[in-house]
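To start, the structure itself, in structure tokens.
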There are 2 protein chains.
Amino acid sequence: MQEKEISQAVIGRLPRYLRYLGDLKERNIERISSQELSSLMNVTASQIRQDFNNFGGFGQQGYGYNVEYLYDEISKILGLNHSHNFVIIGAGNLGKALGNYLNFERRGFIFKGMFDKNPELIGQKVRDVEIKPMEDLEVFLRENTIDIAVLTIPKTGAVGLVDTLVDNGIKAIWNFAHVDLDVPEGVQVENVHLSDSLMKLSYNISRYNDGKEN
Amino acid sequence: MQEKEISQAVIGRLPRYLRYLGDLKERNIERISSQELSSLMNVTASQIRQDFNNFGGFGQQGYGYNVEYLYDEISKILGLNHSHNFVIIGAGNLGKALGNYLNFERRGFIFKGMFDKNPELIGQKVRDVEIKPMEDLEVFLRENTIDIAVLTIPKTGAVGLVDTLVDNGIKAIWNFAHVDLDVPEGVQVENVHLSDSLMKLSYNISRYNDGKEN
DNA sequence: AATCTATTGTGAAGAATTTAACAAAATGCT
DNA sequence: AGCATTTTGTTAAATTCTTCACAATAGATT
């Protein structure tokens with residue numbers, strides 16, 4: 001367990017820091033102050049310092065932060081120094097899109113298997129991975145070390161699948177199904193509810209246009 | 001403009017309320033108390049009441065909330081009573097997946113056009129929509145009333161496209177490119193940064209496993 | 001080497017969000 | 001019809017999150 005519990009608000013900001021630090025690294029910039037990063041990212045310098053200090057101070061007074069060091073430390077905090085094998089369940093367009101997304105591989109997320117119940121898709125390949133029938137899932141999970149299951153199937157299928165996944169060693173579910181999954185303690189779920197996101201956009205459009213058309 | 005500014009934290013919870021209310025409606029349940037909804041959704045009843053009260057009280061004391069009425073009111077708040085035309089820019093797997101997702105249509109998001117710079121894709125169809133070359137985008141936006149642009153292209157392309165979109169009437173961008181977009185005041189952006197989401201998952205896996213393997 | 005400058009780390013203030021508590025109001029039972 | 005029960009709307013308290021402010025410290029300059 002963590003020394004002190006870090007809030008998910010802070011964790012949620014780390015990937016963005018990492019992205020900007022990666023850009024700086026590519027531009028061969030060696031150091032950066034919280035002030036500079038602040039104006040680059042449009043957040044307060046204070047928040048940046050507070051965020052980093054949750055993990056015990058990566059900077060030096062009078063100097064700032066070393067870009068590469070900071071990048072590496074945040075990577076470690078996010079667990080990107082370990083690699084994670086994943087399977088995709090549901091070989092529709094979304095599943096295929098995620099399977100083809102090479103950037104995940106670079107971060108240590110290794111695409112190991114893909115499953116679908118549609119017989120027409122069985123045997124097709126997404127990158128080097130062959131789509132297998134759902135019946136093979138359980139055995140596959142047992143014979144390989146898979147941490148993450150990516151669920152890109154409709155919600156009806158998703159709920160019933162959770163037990164199978166968890167019983168066969170899945171530690172985390174990246175859930176694209178539009179439903180809340182009920183998992184045992186210790187199994188991580190990260191939801192990507194696309195329609196929720198679209199509704200937020202819709203709200204913000206309406207809000208801005210109110211007064212004009214209402 | 002809104003009477004009183006509603007926090008994005010509240011807005012972010014509305015789609016989830018809507019989902020649960022939709023389920024209740026389908027089960028022909030007429031009324032629900034904040035207490036019942038609370039145990040269904042795993043949030044506090046107090047938060048539910050506070051959230052709804054931001055918009056001025058949808059319930060009745062001693063009775064609770066009428067499911068259908070509440071559903072309709074939240075729909076309106078989210079702007080789902082208006083329909084929105086959208087185009088998808090980038091006809092890769094992700095773009096196709098979003099184009100094929102019929103649930104958006106049911107919510108009033110109408111798929112009107114799709115664009116890609118890859119000549120091989122031009123002329124293919126996603127549902128009834130033909131993929132057009134990027135050169136046609138500007139004219140298309142001017143000749144049709146498109147509110148939302150969905151960006152499913154790499155970040156390098158995305159940044160340069162913003163001006164074109166905004167100059168031709170786009171009010172909102174649903175951004176899947178892994179970059180922060182700089183838009184004028186009044187243009188809404190909703191980011192879906194998939195790799196950020198995956199990193200959060202990675203963090204939570206590591207955190208839970210710490211102590212065992214570290 | 002001494003001084004000046006930049007910039008972090010951090011305690012405290014301020015803001016926002018969430019939860020608790022309860023009076024007011026409507027329902028439904030007898 | 002009256003009373004007990006339910007459950008909201010709402011005020012207040014507690015908690016969490018963000019920003020401010022500055023002393024401490026390291027680097028840069030002369």
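Overview of results
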{"quantity": "Percent of Cα pairs exceeding the 24 Å cut-off, where the set is the range A:84-196", "calculated": "16 percent"}
{"quantity": "Residue mean of other protein chain beta carbons inside 10 Å, A:98-105", "calculated": "3"}
{"quantity": "Dipole in debye (nearest 20) - the protein assembly as shown, about Cα centre, beta carbon charges: Lys, Arg +1; Asp, Glu -1", "calculated": "120 debye"}
{"quantity": "Charge dipole (the protein assembly as shown, unit charges on Cβ, about Cα centre) - positive-most of B:Gly22, A:Phe115, A:Gln50", "calculated": "A:Gln50"}
{"quantity": "Shortest-first distances to equivalent copies, position B:Gly169, nm, label 7 Å out along Cβ", "calculated": "5.6"}
{"quantity": "Relative contact order %, the range B:88-214, counting alpha carbon pairs below 8 Å whose residues are six or more apart", "calculated": "19 percent"}
{"quantity": "Neighbour-count order for A:Val150, B:Val192, fewest beta carbons within 10 angstrom listed first", "calculated": "B:Val192, A:Val150"}
{"quantity": "Inter-chain Cβ neighbour average for residues B:187-197, partner chain, 10 Å", "calculated": "6"}
{"quantity": "Exposure proxy ranking, count of Cβ atoms within 10 Å, fewest first, for A:Glu143, A:Glu30, B:Glu190", "calculated": "A:Glu143, A:Glu30, B:Glu190"}
{"quantity": "Listed pairs A:Lys112/A:Lys200; A:Lys96/A:Lys132; B:Lys4/B:Lys200 exceeding 24 Å between Cα atoms", "calculated": "A:Lys112/A:Lys200; B:Lys4/B:Lys200"}
{"quantity": "Between the range A:107-165 and the range B:2-63, the Cα center-to-center distance that results, in Å", "calculated": "35 Å"}
{"quantity": "Electrostatic dipole magnitude of chain B [Cβ: Lys, Arg +1; Asp, Glu -1; Cα centre; debye, to 20]", "calculated": "680 debye"}
{"quantity": "Cα-derived Rg over Rh, computed across the protein assembly as shown with Rh taken as Kirkwood radius", "calculated": "0.96"}
{"quantity": "Antiparallel bridges, percent of DSSP beta bridges restricted to the protein assembly as shown (to nearest 5)", "calculated": "20 percent"}
{"quantity": "Inter-copy spacing of A:Asn81 label points, which lie 7 Å from Cα along Cα→Cβ, given in nm from shortest upward", "calculated": "5.5"}
{"quantity": "Tail fraction, Cα-Cα pairs, chain B, threshold 30 Å, whole percent", "calculated": "40 percent"}
{"quantity": "Taking chain A and dividing mean pair separation by its residue count, relative contact order in percent (alpha carbons under 8 Å, at least six apart)", "calculated": "13 percent"}
{"quantity": "Calculated label separations, A:Gln47, copies of the chain, 7 Å along the beta-carbon direction, nm", "calculated": "2.0"}
{"quantity": "Amide H contacts under 5 Å for B:Val189, placed H, 5+ residues apart", "calculated": "B:Ile173"}
{"quantity": "Partner lysines for A:Lys155 [C-alpha distance under 16 Å; skip if fewer than 8 residues away on the same chain]", "calculated": "A:Lys117"}
{"quantity": "FRET efficiency estimate (nearest 0.05) - Cβ-Cβ, B:Glu185 to A:Tyr69, R0 41 angstrom", "calculated": "0.65"}
{"quantity": "Principal axis dimensions, the range A:1-84 - Cα atoms, whole angstrom, descending", "calculated": "33, 27, 22"}
{"quantity": "HN-Hα J in Hz across the range B:76-93 - Karplus 6.51, -1.76, 1.60, θ = phi - 60°, x for Gly and Pro", "calculated": "5, 4, 7, x, 7, 7, 8, 9, 10, 7, 9, 10, 10, 10, x, 9, x, 4"}
{"quantity": "Theoretical ellipticity at 222 nm over the protein assembly as shown - DSSP helices of four or more residues, -39500 (n - 2.57) apiece, nearest 500", "calculated": "-13500 deg cm²/dmol"}
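Read the figures in this text as sums done on the coordinates, not as results from a lab. Because the structure is a prediction, the values reported are computed rather than measured. When we count neighbours, we look across all protein chains shown, and the Cβ atoms used for this are built from the backbone with ideal geometry, even at glycine.
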